[in-house]
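To keep things clear, I will list the structure first and then write my remarks on it.
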Amino acid sequence: MTTLAQEPYDESAGHHEGYATHDVTNQPPPLAPYDASDDTALLEGLRREDAGWAEEDLRRLGRRAGSAEAQDWGDLANRHEPVLRTHDRYGNRVDEVEYHPSWHHLMRVAVGEGLAGAPWADDRPGAHVARTAGGLVWGHTEAGHGCPTSMTYAAVPALRAQPELARVYEPLLTGREYEPGLRTPTEKRGLLAGMGMTEKQGGSDVRTNTTAATPTAEPGVYTLRGHKWFTSAPMCDVFLVLAQAPGGLSCFLVPRVLPDGSRNTFRVQRLKDKLGNRSNASSEPEFDGTVAWLVGPEGQGVKTIIEMVNCTRLDCVMGSATLMRKTLVEAGHHVRHRSAFGARLADQPLMRNVLADLALESEAATTLTLRLAGAADRAVRGDAGEAAFRRIATAVGKYWVTKRGPAFTAEALECLGGNGYVEESGMPRHYREAPLLSIWEGSGNVNALDVLRALGRSPAAVHALLGELALARGADARLDAAVARLESGLTEASETGARRLVELMALTLQASLLVRHAPPAVADAFCASRLGGDWGHAFGTLPAGADLGGILARALPGED
C-alpha cells in the first residue's frame, strides 16, 4: 500500500505559472515607521492651549514613537512581563521586580522628554499641556510605562503640602534623568513616585483603610503596619501612602530606601495577574515597622492626596484618547491597503462610515484632553476660574472618555477582521488595555458621584462649566437644545440619574469645543450623531449627508 508520502509528486498538478502558495498578497505593509504626532486635532489643540512652543519637540517625539524600534520596545515589554524576586539566593528579603530592557528604554525616553515631573519645574505657560501632548504621542508605543510617569507627575503637588519634604524630593522628581535601581534617594539623579491608597476591604472607600501609622519620637516620622491591595510600579523610589494615624486618615511619604542607605520594610507579597497593562507591575505590599514621613496635617490624608488623584485622572483621559488615536491609525492603515469584494476597504461606504465615526470620537477625546490640560496648566498658575472648571470637567472627562475607550478599540480591531484578533497585530493588547482607564483612579460610578459632589458643594465649578458651554451658544441648534436639557437636569440631579447627567455634560462639552475649533464637517457630524435625532448606538451609523471625506482627510492625512 502506498502512503501519501510515497506517492510521486507531480510538479505541474494544480500549479499556475507565477503563483506559489507562500506568496503574500492583499496584506498591508508594516505601519512603522510613521509619525505619531501627525494629528491635526492634536497640533491645533497644542497651539490653542498655550504650548505651541513645544511643537518641534512633539513632532520629533512623534517620529520616534512611530519608529520600528520604539514599536518593538512596546511589544517586547508586554511579551516579557515583570518578574518578582522576593529573596536573593541567600534567603535575604529583597522585594525587587525585574523588567525587560525594553521597559527601561521606554522609561528613559519618557522621563527624558519631560513626561514625568518636569512641568512642575518649568515656568513657561503651557508646560503641563506640552507634557499631556507628549503623552498622547509617546503613548503610541505602549501604555504600561505611563503609570509610573503619571504617578511621579501627580506626586509633586501633593508633596508640596509638606514643604520641608518637597525641598528634598521635588528637584529629583522633576528631573529628566531615569535612574532605575533601589538606592538612597538623595544620591540618585532622578526619582520616580508611586501611590498606595486602596486596601482589600474597601477599595475606593479609602476611609475604611486599616493600615496603622504610629508616631515615633522624631517629629513627623511614623511607622506603618498594614497591607495595600493595589500598588503599581513597586520599584518606584518613593510612595505616597494613606494610613490611619491617631488624628485620622493621613498621607505619608514612604521611601523604598531610607536616608542611611538601608532598605525600608516594603514586602511585595505578589504581583497582580491583570487583564492588560502587562508590562507594568502592580503589587500588594505589606508594611511592618515601615518608616514614613507625614505629608500634610494628620486627618487630612484625602484632602492632601486629592491633588494627586486630579492629575492621574487627567492622565486616564489622556491614556484613553491615546488608545483611540493609536487604534484609529492602525485601522486606517489597514483599510487603505486591504481589498475585499472587488474594492479597497477604504472605498466601501460602510467602512468609510465606521472609520469617520471613529475619527469623530478620537478628535473629540483629544480636544477635550487638551482643554483639560490647559485648565490644569492655568489653574496651577493661579487662575481661579480655570481651577473651578478643572474641578468638574476632569471628573466628567474621566467618566466619559474612558467609558468610550473599550467600545472604540473593539470597533477599530474589527476593521482589521481576523488579522486584528491575533496578538502580533498589537490590537488585542490595546483592547485589553482599554477597560483599565475607566477603573483606575475611580470607576465610572465614583467619578459620577464626584461630579454630583461638585454640583452640590462648588457653585463656582458649575458656573465655570456652563460658562464654557456658553462660548458656543448660537452656533448649533442641536447643541443649544442639549445645553438647555442639561441646565434643566442640573436642578434635579440625583444618584439614580447621575450617569445620564454626566454623559450629557461630556457630550455637550465635547460638542462645544468642536463647534468652536473644528471644521464644520466634524462639528456638524458630531452634533448630529451625538446630540441630534439622527444617531445610532453602534459606530458607523453617521447620518446620510455627513461629510465622510472631509472627516477622514482631517483625521488620517493621506486618506482619499
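The values are calculated or read from the model by the stated rules, or taken from the named source; none is laboratory data. Only a predicted model underlies this, so the values are computations on that prediction, with no experimental measurement involved. Methodologically, a virtual Cβ is constructed for each residue, glycine included, from the backbone with ideal geometry; neighbour enumeration extends over all protein chains shown.
Observations
- Some residue of the stretch 298-319 being surrounded by fewer than 24 Cβ atoms within 10 Å (Cβ to Cβ), among the hydrophobic types (A, V, I, L, M, F, W, C), in contact with a Leu (Cβ under 8 Å, 6 or more places away or on another chain) and not in a helix (DSSP H, G or I): no
- Flag not set for L173, criterion: touching a Cys at 6+ places or on another chain (Cβ under 9 Å), buried (at least 19 other Cβ atoms within 10 Å of the Cβ) and under 23 Å from K228 (Cβ atoms).
- Conditions (1) in contact (Cβ under 8 Å) with a residue 60 or more places away in the chain; (2) out of contact with any helix residue (DSSP H, G or I) (no Cβ under 8 Å at 6 or more places or on another chain): number failed by G456: (1)
- Evaluated against (1) under 22 Å from the mean Cα position of the chain (by Cα); (2) crowded, with 20+ Cβ neighbours inside 10 Å; (3) within 30 Å of D39 (Cα to Cα), L275 falls short on exactly one condition, (2).
- Yes/no for A528 being in a loop (DSSP other than H, G, I, E, B), surrounded by 17 or more Cβ atoms within 10 Å (Cβ to Cβ), under 29 Å from the mean Cα position of the chain (by Cα) and at pLDDT 95 or above: no
- Number of the exception - G18 against (1) surrounded by fewer than 16 Cβ atoms within 10 Å (Cβ to Cβ); (2) at pLDDT 95 or above; (3) small (G, A, S): (2)
- T367 vs. criteria touching a residue at least 40 places away in the same chain (Cβ under 8 Å), among the polar types (S, T, N, Q), buried (at least 21 other Cβ atoms within 10 Å of the Cβ) and out of contact with any Phe, Trp or Tyr (no Cβ under 7 Å at 6 or more places or on another chain): yes
- All positions within the stretch 40-74 that are closer than 29 Å to L271 by Cβ and surrounded by 18 or more Cβ atoms within 10 Å (Cβ to Cβ): A65, A70, Q71, W73, G74
- Residue that is nearest to G444 (Cα to Cα), among those in the stretch 484-502 that are in contact with a helix residue (DSSP H, G or I) (Cβ under 6 Å, 6 or more places away or on another chain) and assigned to a helix (DSSP H, G or I): R499
- Single residue of the stretch 101-120 satisfying the filter (outside any helix (DSSP H, G or I) and of a type in the set (A, V, I, L, M)) that is surrounded by the fewest Cβ atoms within 10 Å (Cβ to Cβ): L115
- Count of residues meeting criterion [part of a strand (DSSP E or B) and among the polar types (S, T, N, Q)] in the stretch 202-225: 2
- Test: T132 is of a type in the set (S, T, Y), under 20 Å from the mean Cα position of the chain (by Cα), within 16 Å of N280 (Cα to Cα) and modelled with pLDDT of 95 or more: no
- L479 falls short on exactly one of the conditions (1) within 28 Å of A130 (Cα to Cα); (2) buried (at least 24 other Cβ atoms within 10 Å of the Cβ); (3) in contact (Cβ under 8 Å) with a residue 40 or more places away in the chain, and that condition is (1).
- Only one entry of A506, A481 meets the criterion of being small (G, A, S), more than 18 Å from the chain's Cα centre (by Cα) and outside any loop (DSSP other than H, G, I, E, B), and that entry is A481.
- Selection status of L46, within 21 Å of the chain's Cα centre (by Cα) and either among the hydrophobic types (A, V, I, L, M, F, W, C) or part of a helix (DSSP H, G or I) (or both): yes
- Condition check for E199: modelled with pLDDT of 95 or more, in a loop (DSSP other than H, G, I, E, B) and surrounded by fewer than 24 Cβ atoms within 10 Å (Cβ to Cβ): no
- Among the residues listed as E441, E386, E423, E411, the single one being without any contact (Cβ under 8 Å) to a residue 24 or more places away in the chain and acidic (D, E): E423
- Unmet criterion (only one of (1) touching a Lys or Arg at 6+ places or on another chain (Cβ under 8 Å); (2) under 27 Å from A525 (Cβ atoms); (3) of a type in the set (A, V, I, L, M)) for A461: (2)
- For R189: the one exception among (1) within 21 Å of V380 (Cβ to Cβ); (2) among the basic types (K, R); (3) part of a loop (DSSP other than H, G, I, E, B): (1)
- The lone exception for N447 - which of (1) in contact (Cβ under 8 Å) with a residue 24 or more places away in the chain; (2) over 30 Å from E49 (Cβ atoms) it fails: (2)
- Figure legend. Inter-residue proximity from the stretch 150-167: first residues in contact (Cβ under 8 Å) with a residue 24 or more places away in the chain, second residues of a type in the set (D, E) and part of a helix (DSSP H, G or I), beta-carbon distance below 7 Å, spacing 6+ or different chains. Indicated pairs: S150/D315; V156/E170; P157/E307; A158/E307; L159/E170.
- Among (1) over 30 Å from C415 (Cα atoms); (2) over 22 Å from the mean Cα position of the chain (by Cα); (3) among the β-branched types (V, I, T), the one test that V335 misses: (1)
- Considering the stretch 121-155, the residues that are hydrophobic (A, V, I, L, M, F, W, C) and in contact with a strand residue (DSSP E or B) (Cβ under 8 Å, 6 or more places away or on another chain) include one that is surrounded by the most Cβ atoms within 10 Å (Cβ to Cβ), namely A155.
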